[in-house]
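Student: There's a structure below that I have some questions on.
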Amino acid sequence: MTATQQRAELQRRIWQIANDVRGSIDGWDFKQYVLGALFYRFISENFASYIQAGDDSVDYATFPDDSPILVSIKDDAIKTKGYFIYPGQLFINVAKNAHDNKSLNTDLAAIFSAIESSANGYPSELAIKGLFGDFDTTSSRLGNTVADKNKRLAVVLKGVAELDFGNFEDNHIDLFGDAYEFLISNYAANAGKSGGEFFTPQHVSKLIARLALHGQDKVNKIYDPAAGSGSLLLQAKKQFNEHIIEDGFFGQEINHTTYNLARMNMFLHNINYDKFNMALGDTLLNPHFGDDKAFDAIVSNPPYSVKWIGSDDPTLINDDRFAPAGVLAPKSKADFAFILHALSYLSAKGRAAIVSFPGIFYRGGAEAKIRQYLVDNDFVETVISLAPNLFYGTSIAVNILVLSKSKQNNKTQFIDASKLFKKETNTNTLTDAHIEQILAVFESKADVDYFARSVDNSEIAGNDYNLAVSSYVTAEDTRQVVDITVLNAQIKATVANIDRLRGEIDAIVAEIEG
């Protein structure tokens, strides 16, 4: 079996666990238990591997919890890994007796609380605190009785325990991370509109990450102001893994459950607590990281046209993020509030690649004034129109807005990539070839008929600062050219042939009747 086949089989089994065990629980609600169990196993094996340090003669799972050696290593272990797990708390030891444990649900709750509490007072406290908050083992969603809860939890633990990830030191981490991404993406695909709010499909994430990181061999740090489950940041890690990321991965997320998913996702992709910083809260009204140095790379898929307080809070117009534009984004459409926020966090050499609702590029009012600010200051590098149905929960054809503070040519590039997609069962996807095609013209800034054009900002100003791609890239006319003279001759011949056939039919009928 090839590595690809092994991965596919592993993913098939994970999804089977998720569907077989949940019973009457809605899949969206049940995701926390499968994802949580997978995360619990990962950090248990990750921690045990750290303690064992490659020594095959050491099996941390067999240590007694009161072993004196644990006292001597605990402080250093927490400083390094960010948390501490006693041998008896390890996934392997809990899972093997799960079916016979009549207090499984409360034991798990106590273990999760202990793991989180182990970080109290350490630099990792904020990264660990509340990680298991959504893995509620006492919830009535698991069953009406303790026995029902324990039975379902035991089946989940057993299913996750039987998954074959191979040796932890080899490809274990990659498989764990991929399995987690697979689960999240499948839940997103089946969650309807809400799915797109916390997970950006990997093919689109890849394009966004490569746009933001283009031309840089080193970045100080990467930021997503609407981080969701962290999928965009992690795609940036994959695309930039061979380069230098000095200070790691930063993000803010307003939804508590999704915020926990993002932190778990970081750990599962082997990003240690000191290399990521995820904040919980409203990015527009309570932004974090504003006092830090600016970011060299920003990636984001913010919520489309959500409401915000806007002009109802008169102090916001004095906010350093929004004041330069001289106007706030409309209260009913916060899109440009997220864009201005990202721009203010962007370093002088960096790029931001932001998924955007198409309407913001041509509507009037405050949005037109913000576009004027962006164009007149030469912040807009590229606007890319994508194909429809690429995202979960929406079929609209979104755009990608690329911002840069280092432009000096007073031109804006427009790319019409709306014809680039591969049709799948329920959604469209971008292939690697499509991504490379977009990136090639993004780099060259060459004009390509029906595909890309670089436009002087003065032309955009003369067009009321309209940034819609269709206003600058002419769509190819694929209609068939018809020669009217030839067509008329064909019609004339067809009519003559019909008249001849009618005459022959009339003669046959007359002969029969006679």
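Student: If the cut-off is a Cα-Cα distance under 12 Å, which aspartates and glutamates reach K333, setting aside same-chain residues fewer than 8 apart in sequence?
Tutor: Hits, sequence-local ones excluded: E367.
Student: How large is log10 of I(q)/I(0) for the range 359-514 at q = 0.11 Å⁻¹ when the intensity is taken from the Debye formula with one equal scatterer per alpha-carbon?
Tutor: -0.58
Student: Looking at the calculated P(r) for the chain, what percent of the C-alpha pair distances fall above 39 Å?
Tutor: 36 percent
Student: Using a cut-off of 10 Å between beta-carbons, work out the net charge of the residues near Q252 (Lys and Arg +1, Asp and Glu -1, Q252 not included).
Tutor: So the surrounding residues net to -3.
Student: Take each of the peptides 320-326, 31-37, 481-487, average the number of other beta-carbon atoms within 10 Å over its residues, and list them starting from the highest.
Tutor: Packing proxy ranking, top to bottom: 31-37, 320-326, 481-487.
Student: Along each principal axis of its Cα atoms, how long is the range 406-478 end to end? Whole angstroms, biggest number first, please.
Tutor: 43, 26, 21
Student: Would you mind telling me the share, in percent, of accessible area of the chain contributed by carbon and sulfur at probe 1.4 angstrom?
Tutor: 49 percent
Student: If you project the alpha carbons of the range 302-413 onto the principal axes, what extent comes out on each, in Å, largest first?
Tutor: 38, 35, 23 Å, listed from the longest principal axis down.
Student: If you don't mind, there's one more thing I want to ask. Around L126, what is the net charge, scoring Lys/Arg as +1 and Asp/Glu as -1 over all other residues with Cβ under 12 Å from its Cβ?
Tutor: That works out to -1.
Student: Relative contact order for the chain using alpha-carbon pairs under 8 Å, separation at least 6, rounded to a whole percent?
Tutor: 11 percent
Student: Can you give me the accessible area per residue for the chain, using a 1.4 Å probe, in Å²?
Tutor: I get 46 Å² per residue for this part.
Student: For the range 376-430, what mean projected area does the convex hull of the alpha carbons give, in nm²?
Tutor: 4.4 nm²
Student: In the chain, if the dipole is taken from +1 on Lys/Arg beta carbons and -1 on Asp/Glu beta carbons about the Cα centre, which of S140, N265, L108 is farthest to the positive end?
Tutor: S140
Student: If we restrict to alpha carbons, what Rg and Dmax does the range 274-340 come to, in Å?
Tutor: Rg then Dmax for the range 274-340, in Å: 12.7, 38.
Student: Relative contact order of the range 221-290: what whole-number percent is it, with Cα pairs under 8 angstrom and at least 6 residues apart?
Tutor: Relative contact order, the range 221-290: 37 percent.
Student: Here is a follow-up. Calculate the all-directions average of the projected area of the range 335-387's alpha-carbon convex hull, and give it in nm².
Tutor: The directionally averaged projection comes out at 3.8 nm².
Student: Please report, in debye to the nearest 20, how large the charge dipole of the chain is about its Cα centre when each Lys and Arg carries +1 at its beta carbon and each Asp and Glu carries -1 there.
Tutor: 540 debye
The values are calculated or read from the model by the stated rules, or taken from the named source; none is laboratory data. Here the structure is a predicted model, which is why all the values come from computation and not from measurement. Using ideal geometry, Cβ is built from the backbone for each residue, glycine included, and neighbour counts are taken over all protein chains shown. We work out accessible area using only protein heavy atoms, side chains counted, and drop any ligands, DNA or RNA first. Shrake-Rupley method; radii C 1.70, N 1.55, O 1.52, S 1.80 Å.
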